[in-house]
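Structure record follows, encoded as structure tokens.
Coordinate-derived values only; no laboratory data. All values reported here derive from a predicted model rather than from experimental measurement. With ideal geometry, Cβ positions are generated from the backbone for all residues, glycine too; neighbour counts draw on all protein chains shown.
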Amino acid sequence: MTNHIQTKYVLDANILINAYWDYYPIDVFPGFWHFLSNNITVDRILIIDRVRVEIKSPPQLVQWIDQVTNGVFVPTIAQPAIAGTYGRMADWVQGSLQYLPAAGDRFARDADGWLVAYASVSSSVVVTNEVFDPNVRIRVPIPNLCEEFDVECKNTLELLRDLDAHFDWRQPP
């Protein structure tokens with residue numbers, strides 16, 4: 001079990017994108033977005049620079065992210081410990097008999113490896129909607145990478161429970 005007082009959670013892009021489009025649209029669930037905003041402000045929830053680059057739309061989500069972070073994201077560029085960990089992960093993907101060469105190419109393009117490398121170096125928890133898949137060959141799911149490199153990985157609901165989020169319904173006027 002994680003130490004909820006000091007644990008930091010680093011978000012995969014799909015947490016924000018899926019929440020916006022599918023689970024917690026801003027107009028229906030403003031409390032969810034206030035929860036995220038508050039925890040980003042106090043550095044409990046983090047967004048790395050490479051994840052921010054992956055979020056290109058919708059404009060309202062991009063604006064929300066840039067506003068709540070003041071345009072400042074956790075840097076992974078030029079961080080030797082993170083780059084070294086990422087390199088070990090990339091070597092593992094390339095050397096694995098499980099993954100096809102296209103999986104390695106995708107790994108090199110996406111932020112996922114950087115996200116897990118950052119979490120590994122900083123002892124943070126990765127939060128993603130991806131699920132572990134021991135049989136996948138065409139891509140490397142974040143939970144598979146986390147398991148291989150002993151990085152804790154959770155989903156949105158686990159994050160909400162860990163940080164004791166509660167959203168109350170109110171009677172419309």
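Once the Cα atoms are used to define both axes, helix 59-69 deviates from the longest principal axis of the chain by about 90 degrees.
Rounded to the nearest 500, what is the chain's calculated 222 nm mean residue ellipticity when only DSSP H runs of at least 4 contribute -39500 (n - 2.57) each, over all residues? Write down the numbers at each step before the final one.
Details: 9 runs with 85 residues, N = 173.
That comes out to -14000 deg cm²/dmol.
Using r as the Cβ-Cβ distance of V131 and A102, and R0 as 22 Å, what FRET efficiency do you calculate, to the nearest 0.05? It would help to have the intermediate numbers written out before the result.
Working: r = 20 Å, r/R0 = 0.91.
Calculated transfer efficiency: 0.65.
Label sites at A83 and S122, each approximated as a point 7 angstrom past Cα along Cα to Cβ, lie 1.8 nm apart.
Loop only per DSSP, at most 16 neighbouring Cβ atoms within 10 Å: give me the trypsin sites (Lys or Arg not before Pro) in segment 104-173, ordered by residue number. Before the final figure, lay out the partial values.
Working: sites: R106, R109, R137, R139, K154, R161, R170; in loops: R137, R139, R170.
Hits after loop and neighbour filter: R137, R170.
When you filter the chymotrypsin sites (Phe, Trp or Tyr not before Pro) in segment 134-173 for DSSP loop state and at most 14 other Cβ atoms inside 10 Å of their Cβ, you are left with F167, W169. If you wrap the chain in the convex hull of its Cα atoms and look at it from every side, the mean projected area works out to 10.8 nm².
Sorting check: for 75-88, 32-45, which peptide has the highest mean count of neighbouring beta carbons within 10 Å, and how do the rest follow? The partial results should precede the final answer.
On the way: 75-88: 14.5, 32-45: 16.6.
Averaged packing, sorted descending, gives the order 32-45, 75-88.
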